[in-house]
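First comes the structure, then the notes that go with it.
The values are calculated or read from the model by the stated rules, or taken from the named source; none is laboratory data. Remember, it's a predicted structure, so these values are computed and weren't measured experimentally. For neighbour counting, all protein chains shown are included, and Cβ atoms are generated from backbone atoms with ideal geometry for every residue, glycine included.
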Amino acid sequence: MLRTEQIRREAKRLERKIRSQPRIRRFHGRRVVHANEWKWGDWTKLPDRYSILIVYGKSVPEDYLRDYAALLEKLEDPTYGKSVCWSCVIRQAQEAKKILDRYERYWQEHGGEAGKAQHYQELGEPYASDSQREDEIRQVEWRIYNELAEANNRTCKTLNYFHCPYGNARDQLLRDGDCAHLLWQHIHWYDNHWNPNTSYTPAASEEKWYHYKEPALIDVTNYDDIIRAIDDGRLDRIVEEHTRYMKETGREIWAL
């Protein structure tokens, strides 16, 4: 009886040990280890879970990053799957709509349109105009994702690339989201550099990038004008200036 019990205990120990091992031992010529065992800079090993330090870290070899992404995809890592979904146009439209809905609920609880008008009046100029512009810009951002990029009021609660409810359309949703977000980053940068506001004054060393006294190129509060600007070339000038800004300052596209 004692011998049988020892065998059972040993079997359970081995079972726990097996479960604790990475599902894949080697991948693309690299050893796969538990994420908590991996040390930064050891490009001979791959951690078996998503790490933001690797995905967004600097000095990570490109071939290593490709292998790491391929491993996470093979393992269907849930955190990686969620991070991939960040680009999805449905997710971005959904998040923009949540912000709109949150403001709408607030004003429903605080007097509706009459309460909002009173709020603007109490703010006084130029703060009232700034707040009203922000309300309109939020609407425009949502419409860019929802209408231009064709999220079309679709929603998603899964937010995991590997279990996407939209099936084979998932990669196109990511591409559409990337394009729409890129467009919005250019528009957001333009708004910050062409339209003065009460909350920010540019430093003297940055003044060359600000065009407050120049005629507006687009109306960022008007969705239809932005669509026309795409077709008639006005957006091209914004993109060219923004690209030059990033090249000369070394800043990322999202930086203002």
When both residues are 6+ apart or on different chains and their Cβ atoms are under 7 Å apart, which pairs have a first residue that lies in region 174-193 and is assigned by TED's automatic domain parsing to the domain that holds R234, and a second that is surrounded by fewer than 21 Cβ atoms within 10 Å (Cβ to Cβ) and among the aromatic types (F, W, Y)? Q185/W254; H193/W209; H193/Y210
Given (1) exposed (fewer than 15 other Cβ atoms within 10 Å of the Cβ); (2) farther than 30 Å from C85 by Cβ; (3) modelled with pLDDT of 95 or more, number of the condition K213 does not satisfy: (3)
Tell me whether region 216-224 contains one or more residues that are over 27 Å from K98 (Cα atoms) and out of contact with any Asp or Glu (no Cβ under 9 Å at 6 or more places or on another chain). yes
What pairs can you find where one residue is in region 229-248 and farther than 16 Å from N192 by Cα, the other is part of a helix (DSSP H, G or I), and their Cβ atoms are less than 7 Å apart, with a gap of 6+ or different chains? A229/L235
Sort out which residues of region 168-187 are at pLDDT 95 or above and of a type outside the set (A, V, I, L, M), and write them in order of number. R170, D171, Q172, R175, D176, G177, D178, C179, H181, W184, Q185, H186
Give the residues of region 54-66 that are loosely packed, with under 10 Cβ neighbours inside 10 Å and within 21 Å of K82 (Cα to Cα), sorted by residue number. Y56
